[in-house]
Amino acid sequence: LLLFFPSLSSMAALPSAPGAGASQSLEALAQSAWASKIKDASSSLLNERKPWTELLDKNSFAKPESLTEASSRVRKNLAYFKVNYGIGVVSIVTLCLVTSPVSLAVVFALGAMWTYLFVVAAGQPLVVGGRQLSDREKLMGASGVTVLVVFFLSSVGSLLLYALGLGAVAVGLHGALRIPDDLFTDDAPGITA
């Protein structure tokens with residue numbers, strides 16, 4: 001979240017009480033290190049992406065001769081184009097969420113809850129019913145609320161399952177129809193035909 005809302009890290013670093021500045025600054029430092037690790041991991045993952053022209057080369061598509069050949073193609077193409085397929089599935093999920101305003105509002109509300117609990121008010125205690133909750137209890141409570149809202153109180157769960165299923169079908173069809181040829185000569189030495 002700090003990648004998309006860098007101002008939240010400065011908000012989390014503000015001391016809430018006298019003497020709390022040292023622990024807050026250590027917490028802010030840990031959050032910036034965490035954000036830096038996520039940024040590095042995502043950039044290295046995106047560097048593994050293959051060219052889209054190679055993925056969509058119309059001369060590399062043909063109907064497989066058998067189910068065995070189709071499953072072999074899917075396995076090889078999935079290993080080679082995994083980052084591109086991941087980007088495609090995330091794009092399908094995003095498109096489905098954007099076309100459903102209610103689901104998008106629910107996802108934003110849940111994201112706001114998580115951001116408040118674990119970024120903005122990270123060092124502050126949460127008191128419910130006169131009892132102070134630990135970080136583990138906050139995590140379990142937020143997870144429970146998220147599961148309840150996503151799968152039982154809204155249509156977000158069915159929309160996400162639909163979008164993930166659509167993405168899996170798209171990946172499976174592309175993987176079965178694209179001829180792998182010599183995709184693995186340089187990138188994946190452990191995969192054999």
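Quick note: the coordinates plus some simple rules give every number you see, no bench work behind them. Since this is a predicted model, take the numbers as computed values, not measurements. When we count neighbours, we look across all protein chains shown, and the Cβ atoms used for this are built from the backbone with ideal geometry, even at glycine.
Can you give the Rg and Dmax of the stretch 110-181 based on its C-alpha atoms, in angstrom?
When restricted to the Cα atoms of the stretch 110-181, Rg and Dmax are 19.2, 65 Å.
Tell me, in nm to one decimal, what length is gained between Leu164 and Arg75 on full extension, where the rule is 0.36 nm per residue of separation less the Cα-Cα distance? Don't skip to the answer; put the middle values down first.
Values: separation 89, 0.36 × 89 = 32.04 nm, distance 1.84 nm.
Result: 30.2 nm gained on full extension.
If amide hydrogens are placed 1.01 Å from N in the peptide plane, which non-local residues have theirs closer than 5 Å to the one on Leu126?
Leu133
Treating cross-link reach as a plain straight distance, find the lysines whose alpha-carbon is under 24 Å from the alpha-carbon of Lys39, omitting any fewer than eight places away in the same chain.
Partners found: Lys50, Lys82.
Looking at the stretch 29-82, I'd like the Rg to Rh ratio, where Rg is from alpha-carbon atoms and Rh is Kirkwood's inverse mean 1/r. Before the final figure, lay out each step's value.
On the way: Rg = 17.5 Å, Rh = 14.0 Å.
Checking Rg against Rh, the ratio lands at 1.25.
At Tyr116 and Glu54, where each label point lies 7 Å from the Cα along Cα→Cβ, what is the point-to-point distance in nanometres?
4.6
Between Leu133 and Leu177, what is the FRET efficiency for a Förster distance of 35 Å, r being their Cβ-Cβ separation, to the nearest 0.05?
0.10
In Å³ and rounded to a whole number, note down the convex hull volume per residue for the Cα atoms of the stretch 53-193.
Cα-based convex hull of the stretch 53-193, divided per residue, equals 177 Å³.
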